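The values are calculated or read from the model by the stated rules, or taken from the named source; none is laboratory data. Computed from a prediction, not measured in an experiment: that's the story for all the values here. In this analysis, Cβ positions are derived from the backbone assuming ideal geometry, glycine residues included, and neighbour counts consider all displayed protein chains. The accessibility values were calculated without ligands, DNA or RNA, using every heavy atom of the protein model including side chains. Shrake-Rupley method; radii C 1.70, N 1.55, O 1.52, S 1.80 Å.
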Amino acid sequence: MGKHTVVLIPGDGIGPEVVHAAQKIVEATGVEIEWQTVEAGTKALEKYGTPLPEALLKSTRRCGVALKGPITTPIGAGFPSVTVALRKRLGLYANLRPVRSFPGVPGRYQDVDLVIIRENTEGLYSGLEQWVDADTTEAVKRVTRGASLRIARFAFDYARRHRRKMVTAVHKANILKLSDGLFLECAREVAADYPEIEYRERIVDALCLNLVLDPGRHDVLLCPNLYGDIVSDLAAGLVGGLGLVPAANIGEGMAIFEAIHGSAPDIAGQGIANPTAMILAGAMMLSYLGEEEAANRIEKAVQEVYIRGERLTPDVGGSATTLEMTDAVLSRI
Ligand code: NAD
């Protein structure tokens, strides 16, 4: 296969540390990649006066693929989330998060094999918030038929392609009868076209309980935006933490690969961030680029490092640095 061009967004906090690790591992597979590095977030704000420079959108549209580190979003004030804006501006409507138990990781369960598919463009992330009066605020949860049908179709297509047995739509339609009601209506309509895949519905709070008690019973989870965000972190906790789970944001002919974790300001700069999620995001990216064999090699190398329990970072019970763990993976590629 020829050379691929990929946009590299280092992000901030632990972003540059783990993105660099992923870049090294991807390169070690021998797949030829030309990286176009672009800043976003606070660094871009200082340099270009905006946290989301047009150049970043342009490069990603042109290349069609990006590997992205986490970007800090100020809490309660300041600029809106760059990550959310990127997903919306580029129409990356599906957020795909495979959550699997890692042999060798002291997670609570050894039989987790979930795929979380999160609607990525609307719901409570519409950004429509306002003051009603001096003591009252409102946020709009926007759910459209178009986006709901599209994400449901994505989930069932994914399940069919990957021979998954069951899709569970996650909702709170007992309370949010119109918005989550529409999401469910669309999921049911699409489910009818996939008779070989079992379709279920679960209220989000009950699902969280079930996930904690018996995660092995679940398969593909089709989630509206906010529930998908929350359920993803819960699921990551079941398999050993946020440092382990990768994600893909997928649209029409375009995709951005990242970790599900954020910029982890509490450990940034210490060189102890777990690079696994970002390395596995790199493997997902290679698979998307058609480089299946290289992607498999990375996954196997990461698994071996965990099975042997060698040079793991502190979050998964070791005492290695990000660089040492990256080198351990590198030596098995
Ligand atoms: P976080 O995911 O950054 O951190 C939560 C906890 O998990 C912290 O204790 C952190 O140290 C730990 N952790 C996360 N990644 C780790 C890793 N690779 N190795 C070891 N430990 C790890 O969540 P947060 O603290 O709520 O958010 C921090 C910032 O990140 C916020 O500004 C938030 O908006 C942003 N964020 C960005 C993205 C993204 O860009 N995709 C996603 C989530 C959060």
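Elements of the type helices (runs of 4 or more DSSP H) sitting completely within region 20-94 and holding at least 2 residues that are under 13 Å from Val7 (Cα atoms): these cover 54-63. Listed by first and then second residue, the pairs linking a residue in region 85-97 that is at negative phi to a residue that is among the basic types (Lys, Arg) and open to solvent by less than 30 Å² (accessible area, probe 1.4 Å), with Cβ atoms under 6 Å apart and 6 or more places separating them unless they lie on different chains, are Asn95/Arg118. Inside region 1-56, can you point out the residues that are in contact with a helix residue (DSSP H, G or I) (Cβ under 6 Å, 6 or more places away or on another chain), under 24 Å from Glu292 (Cβ atoms) and free of Cβ contacts under 8 Å to residues at least 40 places away in the same chain? Listed by number, the list holds a single entry, Gln36. Under the condition of being more than 9 Å from the ligand (Cβ to nearest atom) and assigned to a loop (DSSP other than H, G, I, E, B), the residues counted in region 1-16 number 4. Among the residues of region 73-89, is any touching a Gly at 6+ places or on another chain (Cβ under 7 Å) and more than 11 Å from the ligand (Cβ to nearest atom)? For region 73-89, residues touching a Gly at 6+ places or on another chain (Cβ under 7 Å) and more than 11 Å from the ligand (Cβ to nearest atom): absent. Taken together, the residues in region 248-292 that are within 8 Å of the ligand (Cβ to nearest atom) and touching a helix residue (DSSP H, G or I) at 6+ places or on another chain (Cβ under 9 Å) amount to 15. Pairing each residue of region 190-219 that is of a type in the set (S, T, N, Q) with any residue that is open to solvent by 50 Å² or more (accessible area, probe 1.4 Å), provided the two are 6+ apart or on different chains, yields C-beta distances under 9 Å for Asn210/Arg202; Asn210/Arg217. Restricting the search to region 82-115, which residues are more than 30 Å from Pro51 (Cβ to Cβ) and open to solvent by less than 30 Å² (accessible area, probe 1.4 Å)? Passing the criteria: Ser101, Phe102, Val105, Gly107, Val112, Leu114, Val115. Of the residues contained in region 219-237, one or more are found to be more than 14 Å from the chain's Cα centre (by Cα), modelled with pLDDT under 95 and either closer than 23 Å to Phe154 by Cβ or more than 9 Å from the ligand (Cβ to nearest atom) (or both). State whether the residues of region 50-65 include one that is more than 10 Å from the ligand (Cβ to nearest atom), under 30 Å from Glu324 (Cα atoms), within 21 Å of the chain's Cα centre (by Cα) and buried (at least 18 other Cβ atoms within 10 Å of the Cβ). Looking for residues that are more than 10 Å from the ligand (Cβ to nearest atom), under 30 Å from Glu324 (Cα atoms), within 21 Å of the chain's Cα centre (by Cα) and buried (at least 18 other Cβ atoms within 10 Å of the Cβ), one finds at least one in region 50-65, hence yes. Taking the stated definitions as given, is Ser179 among the polar types (S, T, N, Q) and open to solvent by less than 10 Å² (accessible area, probe 1.4 Å)? Taking the combined requirement at face value, the residue does not satisfy it. Anything in region 120-142 that is aromatic (Phe, Trp, Tyr) and either part of a loop (DSSP other than H, G, I, E, B) or surrounded by 17 or more Cβ atoms within 10 Å (Cβ to Cβ) (or both)? List them, or say none. Tyr125 - this is the single residue of region 120-142 that is aromatic (Phe, Trp, Tyr) and either part of a loop (DSSP other than H, G, I, E, B) or surrounded by 17 or more Cβ atoms within 10 Å (Cβ to Cβ) (or both).
So that you can scan it fast, the table gives a plain yes or no per residue for (1) within 14 Å of the ligand (Cβ to nearest atom); (2) out of contact with any helix residue (DSSP H, G or I) (no Cβ under 6 Å at 6 or more places or on another chain):
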site: Ala294; (1), (2): no, no
site: Ile298; (1), (2): no, no
site: Gly309; (1), (2): no, yes
site: Pro314; (1), (2): yes, yes
site: Asp327; (1), (2): no, yes
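Scan region 34-46 for residues that are surrounded by 21 or more Cβ atoms within 10 Å (Cβ to Cβ) and either closer than 16 Å to Thr276 by Cβ or in contact with an Asp or Glu (Cβ under 9 Å, 6 or more places away or on another chain) (or both) and the total you get is 2.
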